[in-house]
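Here is the structure we will look at, set down as structure tokens.
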Amino acid sequence: MTSAHRRAGWRLTVAAGEGFRNWRSGRWLTAIATTFVIGVLSIPTVIDGVWIDRLLADERAWVSAGGRTLVVTNDEGGGIPRVDCESLTHIEGVRASASLTRMPERTGTVSAPDANTPLVAAGEGIWGLLGVAPVDGVIVPVDIAQDLRLQAGSPLVLTPTSAGGPAGSGSPAREASSVGAVVDTSVLGEQFEYALLLPTSATGNASTCMISYAPGYETSIRQVIPTLLGDGTHDAVLADRLVSGTYGRDFSAEYERRGLRLASWFGGGAISLLWLLIVWIRRGRDGLYATLGADFAARAVIRGSEGVVLIGTSALAAVVVVGLITPLALQAPSALVADLLRHLAITSGVAIIGVCASVFLPLRSPLASLKDR
């Protein structure tokens with residue numbers, strides 16, 4: 001490196017230090033600009049995060065109530081083969097599938113022999129459909145557990161109370177068992193949710209196959225399931241677990257149409273305009289440096305370093321503000337980290353582009369600037 005190059009590098013380093021000192025010297029303007037930038041970076045981020053958090057809560061409630069769940073039947077074909085229903089998880093997009101049959105017997109327990117509780121034979125996929133780990137025993141809905149004062153691990157002896165006579169030999173209703181889990185079964189719908197779920201093997205046919213699918217796979221699953229679960233003569237019939245009403249919403253579309261979707265871009269533009277205004281207000285200083293011998297590169301470094309210091313310190317402060325507020329305002333702040341960081345990154349990035357553009361802002365000649373001073 002030649003001595004000329006070293007001198008040029010030294011001048012640019014000195015210019016950067018001068019820009020930092022200049023930014024600190026204008027205290028009132030610094031305070032106003034920094035507060036504005038912190039607000040632009042943090043306030044829309046928090047508001048957008050709260051809105052998305054509520055949307056995610058609504059979506060979770062929708063999924064828990066049966067959203068993204070299909071009910072498959074084949075009454076004309078004699079039911080759905082249990083083994084075919086239980087094996088659907090090998091299809092891409094199928095999260096869980098369970099075969100269900102409402103049994104003709106009803107049952108009571110030793111402690112409540114007249115409970116007259118419905119029974120449902122459920123395949124092993126029921127654990128995945130309900131979102132709980134498999135355990136041995138009977139699955140008891142929360143409402144029934146509260147009524148009968150049962151909890152996981154409680155001994156359970158079922159006594160048949162069918163009006164048509166006792167359950168046949170070997171029926172699970174005649175066997176002593178225990179409560180394997182107490183679970184919210186509302187995802188199963190009115191036909192199955194208020195009943196004791198008895199684990200059964202994947203043999204024979206079931207009246208219903210319930211399928212839970214991942215987002216984005218509904219169309220492909222609807223195309224293949226009727227044939228896969230048909231009997232060769234009759235295709236299976238698919239129906240949505242939730243048809244309409246409160247849950248008839250398109251959450252993805254709502255997310256894309258939200259009001260603050262472009263707030264980060266507009267926020268970055270607002271910061272850029274603010275910085276261009278500050279540069280214009282301080283144009284006399286730029287002319288003074290030119291008169292003292294600072295070339296275009298040195299003046300650009302001074303101007304740019306001032307903007308970088310403003311945005312950098314404000315961004316750090318905004319991260320602290322957002323980090324303190326979001327755990328208090330959001331139900332699941334960790335799920336929104338990517339969205340929050342994206343907003344901060346886009347806003348800061350657009351603002352940095354504005355700072356870079358400011359170095360090319362045409363200012364008045366040095367002599368004209370000095371006359372104003």
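The values are calculated or read from the model by the stated rules, or taken from the named source; none is laboratory data. As the structure is a computational prediction, the values presented were derived from the model and not from experiment. Heads up, the Cβs are rebuilt from the backbone with ideal geometry, glycines too, and the neighbour counts pull from every protein chain shown. Quick note on the areas: whole protein, heavy atoms, side chains included, nothing else; ligands and nucleic acids left out. Shrake-Rupley method; radii C 1.70, N 1.55, O 1.52, S 1.80 Å.
The table that follows gives values for the structure above.
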{"read-out": "Count - residues of the range 69-78 that are assigned to a loop (DSSP other than H, G, I, E, B) and crowded, with 20+ Cβ neighbours inside 10 Å", "value": "1"}
{"read-out": "Elements of type strands (runs of 3 or more DSSP E) in the range 195-256, at least 3 residues being open to solvent by less than 20 Å² (accessible area, probe 1.4 Å)", "value": "196-199, 208-213"}
{"read-out": "Within the range 134-146, considering residues that are free of Cβ contacts under 8 Å to residues at least 40 places away in the same chain and open to solvent by 60 Å² or more (accessible area, probe 1.4 Å), the one nearest to Tyr213 (Cα to Cα)", "value": "Pro134"}
{"read-out": "Criterion violated by Pro104 - all others in (1) over 37 Å from the mean Cα position of the chain (by Cα); (2) in a helix (DSSP H, G or I); (3) not hydrophobic (A, V, I, L, M, F, W, C) satisfied", "value": "(2)"}
{"read-out": "Answer residue from the range 257-289, given it is crowded, with 17+ Cβ neighbours inside 10 Å and β-branched (Val, Ile, Thr) and is modelled with the lowest pLDDT among those", "value": "Val279"}
{"read-out": "Which numbered condition Thr45 fails, given (1) crowded, with 16+ Cβ neighbours inside 10 Å; (2) within 27 Å of Leu341 (Cα to Cα); (3) touching a Phe, Trp or Tyr at 6+ places or on another chain (Cβ under 9 Å)", "value": "(3)"}
{"read-out": "Identity of the residue in the range 79-107, touching a Lys or Arg at 6+ places or on another chain (Cβ under 9 Å) and open to solvent by 10 Å² or more (accessible area, probe 1.4 Å), that ends up nearest to Ala206 (Cα to Cα)", "value": "Thr101"}
